[in-house]
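Worksheet for the structure shown next.
The values are calculated or read from the model by the stated rules, or taken from the named source; none is laboratory data. Note that this is a predicted model, so its numbers are computed, not measured. Methodologically, a virtual Cβ is constructed for each residue, glycine included, from the backbone with ideal geometry; neighbour enumeration extends over all protein chains shown.
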Amino acid sequence: MLRSKFYCILQYPKNQILNLKIYTNKRLFMIKKILSTIVLLFSLSYLSYGQIAQSIKISKTDWGKNFKFTGYVKSNDSLSIRFVTTQSTAERKYIKDKSKERKIENTNSAWTKFTLIGKIQRKCSVLSVWVITDLKMKNLYVDNISLEIEDHNGWRKIDLKNEDFEMVSDSVNKIVGWNVYTNYVATVEKTEKYSGQQSIQLVQHDLAKYGDNREFSQKIKINGVEIYYEIYGQGEPLLLLHGNNESISSFKYQIDEFKKYFKVIAVDSRGQGNSTIDKQKMTYDLLANDMNKLLDILQIDSVNILGWSDGGNTGLIMAMQYPNKVKRLITMGANLYPNKKAIENKFLSEYRWTLRFVKVLVLFKPKQWKTKYKVGKMPLRYPNIKPIELQKINIPVLVMAGEKDVIKQAHTTLIADNISKSKLVILKGLSHYAPIENHKYFNMEVHAFLFNAAD
């Protein structure tokens, strides 16, 4: 049987075999890329948490030996803390670390000792140690971190820089020897310490709260679903509309800036973030109608709108269908139709393959992935706006996209050209994710438009 199959392949035209190999290689590359992206997103999800970390060089002579990672923590929040290690080669390739993370549940006001034991893997050049807070933890105290490696004669102490946190930094949010990651601010704490003169305290930054801040949030029933929103600041209303399968938190840098000048209304679109979904077909017209009714409920006559990607599409539709509700509009990476005339073909191809993969995940975890799949299908079918329809818009509109955006620059220009009071800005060096990539540059353009655009 194997022989006959091999013979058939030999008889197959060479050009057809070459095309088949190229096709197969492209698909394999795409699948690998999707899988690596999912792994990357999973690892990046940790960055939403409070973290401190330090990396230590490992010698070949320590390969195969056990290590012990210990320290002391306390918190007034009854939440969990994770202790994790990662290992990598000299080429910065990650090695499977067989030591499981250590998790302490229900931390309290007493100092708690943790211990994580693992094995240094072959080819390990760098061992990194991490202390990671629960996402909702408001503060955490850490003291006396240590690392030991087991030799024949017992445990040998490895020198970590500033392991007892007694060294003071001249910079704010800097702990000597340690990396402090986003969403938390690190401070020296002298009254709460396990030993010595001080410990460190990780305090949740406001940026970490946006998107899950119950103090400033509400839920309202609109068109059969619950719409979640948060309101910050005072003044003229500014409605923030996020991208596909995103949430309020993607606008954290914009909320933090514009709440100083505006009444910022940040919304989770239906089926995303903390908002629910129903059986209705997902369209931008439906999202625009949701927002129109939200404004009615909030008794807001008109708003400025900042819409990114899907949010930009929704903003354009609101400006056309509910013109009295929109005072000024900023779109970032919006498109009129879902094809290669508007969007880079490579991205469309990758997006379709990613969506197919998500469809497979629905079979295994329907509760987690079914909604994401339904929301994710929308940009492949909608919007379907004719350029001439944009001529209905008679308000100031800032049309933006990144220089390296997946939305073609000619298409972004087409949008601006069909709106009489538009201003076109292409953000140099940035991609579709400009509001996060360089939030200062992005916010500066938005700020200038909102304060200078004539009605």
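Within the range 78-98, the set of residues being at pLDDT below 80 and buried (at least 18 other Cβ atoms within 10 Å of the Cβ) comprises Asp97 only.
The strands (runs of 3 or more DSSP E) located wholly in the range 156-262 that include 3 or more residues which are crowded, with 20+ Cβ neighbours inside 10 Å and touching a residue at least 40 places away in the same chain (Cβ under 8 Å) occupy 199-204, 225-232, 237-241.
Scanning the range 394-415 for residues that are touching a helix residue (DSSP H, G or I) at 6+ places or on another chain (Cβ under 8 Å) and aliphatic (A, V, I, L, M) yields Ile395, Val397, Leu398, Val399, Met400, Ala401, Val406, Leu414, Ile415.
The single condition among (1) more than 23 Å from Ile231 (Cα to Cα); (2) at pLDDT 85 or above that Val185 does not meet is (2). On inspection, Thr112 fails the criterion of being over 14 Å from Thr70 (Cα atoms), among the β-branched types (Val, Ile, Thr) and touching a residue at least 12 places away in the same chain (Cβ under 8 Å). In the set Asp290, Asp310, only one residue is within 26 Å of His411 (Cα to Cα) and either in contact with a Phe, Trp or Tyr (Cβ under 6 Å, 6 or more places away or on another chain) or touching a residue at least 12 places away in the same chain (Cβ under 8 Å) (or both); that residue is Asp310. The listed residues are Ile117, Ile52, and the only one of them that is surrounded by fewer than 18 Cβ atoms within 10 Å (Cβ to Cβ) and either touching a Phe, Trp or Tyr at 6+ places or on another chain (Cβ under 6 Å) or at pLDDT 85 or above (or both) turns out to be Ile117.
The condition (being among the hydrophobic types (A, V, I, L, M, F, W, C), within 22 Å of the chain's Cα centre (by Cα), modelled with pLDDT of 95 or more and not in a strand (DSSP E or B)) is satisfied by just one residue among Leu287, Leu295, Leu316: Leu287. Quick check on the range 319-337: of everything there that is surrounded by 24 or more Cβ atoms within 10 Å (Cβ to Cβ) and not in a strand (DSSP E or B), which residue is farthest from the chain's Cα centre (by Cα)? Looking at the filtered set, the residue picked out is Ala319. For a quick check of your reading of the model, give me the residue pairs whose first member lies in the range 78-100 and is assigned by TED's automatic domain parsing to the domain that holds Lys65 and among the small types (Gly, Ala, Ser), whose second is at pLDDT 75 or above and in a loop (DSSP other than H, G, I, E, B), with beta-carbon atoms closer than 7 Å and at least 6 apart or on different chains. Once the first residue is assigned by TED's automatic domain parsing to the domain that holds Lys65 and among the small types (Gly, Ala, Ser) and sits in the range 78-100, its partners that are at pLDDT 75 or above and in a loop (DSSP other than H, G, I, E, B) give Ser88/Ser125; Ala90/Ser125. Can you say whether Lys421 is of a type in the set (Lys, Arg) and in contact with a strand residue (DSSP E or B) (Cβ under 7 Å, 6 or more places away or on another chain), as far as the supplied structure shows? For Lys421, the condition - of a type in the set (Lys, Arg) and in contact with a strand residue (DSSP E or B) (Cβ under 7 Å, 6 or more places away or on another chain) - is met. Please go through the range 413-432 and give me each residue that is assigned to a helix (DSSP H, G or I) and in contact (Cβ under 8 Å) with a residue 40 or more places away in the chain, ordered by number. Leu414, Ile415, listed by residue number. Restricting attention to the range 273-287, the residues that are touching a residue at least 60 places away in the same chain (Cβ under 8 Å) and among the polar types (S, T, N, Q) total 2. Residues that are surrounded by fewer than 21 Cβ atoms within 10 Å (Cβ to Cβ) and either within 11 Å of Gly211 (Cα to Cα) or of a type in the set (S, T, N, Q) (or both) within the range 263-281 comprise Asn274, Thr276, Gln280, listed in sequence order.
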